[in-house]
Amino acid sequence: MLREVVELYKASLKPRDNFWTEVMSRPIAALLLFFLHRTRITPNQVTFLSLLVAAGSAATLVLWRTWPGLLVAAIVLQLSYLLDCVDGQLARLRGITSPLGHQLDFLMDELKAFFMLAAVSTRLFLIHGSVELLLLGCWGLVMVASGISITTFVRRQEYLAVFPAHGAGGSPATGEGKRSLPHLALSCVERFARFLIHYPSYFFYIAVFDRLELFFYLYIGVHTAYLGRAFSGIVLRLAHPGYVPRPFVLPEAARVAEEPGRFERA
C-alpha cells in the first residue's frame with residue numbers, strides 16, 4: 001500500500017508546484033486517491049464535492065466569527081483543495097481526461113473564489129461593522145468576475161488565431177533569453193501575484209495568525225491589477241487603428257460543441 005501511495009504521489013507532482021501543495025497537500029491527496037480509484041466514484045463527482053466542501057468553509061467563515069472558527073474554516077478549505085488535487089489525478093489514472101473536464105475544474109475553482117471572497121467580506125463587515133469593507137468586497141467580486149471573463153475571452157480560438165503570442169494574462173510570451181533586470185523584477189512580481197491568487201497555499205497561515213484582512217486586501221488588489229493589465233492589453237490591440245478584422249471559421253468540433261442545447265460529460 002505504502003509503495004503504491006508513493007508512486008501515486010510522484011505521478012501527481014508538477015514541475016512548478018508550490019511548497020504547500022507539494023509537501024502538504026499532494027501526499028494526503030495520494031492517500032485519498034489510493035482508496036478512491038478502487039471505487040466507482042468519478043472525477044467529476046470529486047470535483048463537485050470539492051465545491052461543496054469549499055462552500056462549507058465559506059459558511060463557517062460567516063457563521064463562526066471567532067478565531068477557532070477561522071481555523072476550522074481554513075482546515076475545511078484545505079480539504080476542498082485536497083479533493084481538487086485528487087480529481088485530475090483520478091482522471092489521469094483511469095485514462096479519462098478530457099478538455100471539458102479541465103474546463104469544469106476551472107469553473108469550480110472560480111466559483112470557490114466567489115464563495116470565499118464573499119464570505120470573507122461578509123465576515124469582516126459583521127465583525128467590524130464597516131460598510132466600506134462590504135463595498136470593497138463587492139468591488140473585489142466584480143474584479144474577480146471580470147478577470148474570469150477576460151481570461152475566457154483571450155483563451156478563445158478566435159482571439160488566439162489573431163494574437164497567438166498572447167496568453168491568458170493578455171501579455172506577450174517572453175523568450176528564455178531575456179534576463180534584463182526589469183524583466184526579472186517583473187517576473188518576480190508576477191510569481192508573487194500568482195501565489196496570492198492561489199490562496200489555498202497560504203490561507204491556513206492567515207488563519208493561524210488571525211490576519212484575514214491581509215488576505216482580503218491583497219487578494220482584491222492582485223485581481224484589480226490583473227484586470228487593469230489584461231483589459232488594457234485587449235484595448236490596445238483591438239482598438240489600434242492598424243487592426244483589421246479578418247474572417248475566422250471555428251473547427252467542426254468547436255462548432256458542434258457551441259451549438260445550443262449540446263451538453264457532454266467530462
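Summary table
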{"quantity": "So L63, is it farther than 30 Å from E213 by Cα, of a type in the set (A, V, I, L, M, F, W, C) and over 16 Å from the mean Cα position of the chain (by Cα)", "calculated": "no"}
{"quantity": "Test: F195 is out of contact with any His (no Cβ under 6 Å at 6 or more places or on another chain), surrounded by 10 or more Cβ atoms within 10 Å (Cβ to Cβ), at pLDDT 95 or above and in a helix (DSSP H, G or I)", "calculated": "no"}
{"quantity": "Restricting the stretch 212-255 to residues that are of a type in the set (K, R) and in a helix (DSSP H, G or I), the residue that is modelled with the lowest pLDDT", "calculated": "R255"}
{"quantity": "Single residue of the stretch 146-188 satisfying the filter (hydrophobic (A, V, I, L, M, F, W, C) and at pLDDT below 60) that is farthest from Y226 (Cα to Cα)", "calculated": "A173"}
{"quantity": "Residue list for the stretch 218-230, restricted to those being in contact (Cβ under 8 Å) with a residue 24 or more places away in the chain and out of contact with any helix residue (DSSP H, G or I) (no Cβ under 6 Å at 6 or more places or on another chain)", "calculated": "Y219, A225, R229"}
{"quantity": "Residue within the stretch 94-109 that is part of a helix (DSSP H, G or I), surrounded by fewer than 18 Cβ atoms within 10 Å (Cβ to Cβ) and over 17 Å from the mean Cα position of the chain (by Cα) present", "calculated": "yes"}
{"quantity": "Matching option when the condition is touching a Phe, Trp or Tyr at 6+ places or on another chain (Cβ under 8 Å) and under 23 Å from Y202 (Cα atoms), among V62, V72", "calculated": "V72"}
{"quantity": "Residue within the stretch 39-58 that is surrounded by fewer than 21 Cβ atoms within 10 Å (Cβ to Cβ), at pLDDT 90 or above and small (G, A, S) present", "calculated": "yes"}
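The values are calculated or read from the model by the stated rules, or taken from the named source; none is laboratory data. Bear in mind that the values here come from a model prediction, so they are computed numbers and not experimental data. With ideal geometry, Cβ positions are generated from the backbone for all residues, glycine too; neighbour counts draw on all protein chains shown.
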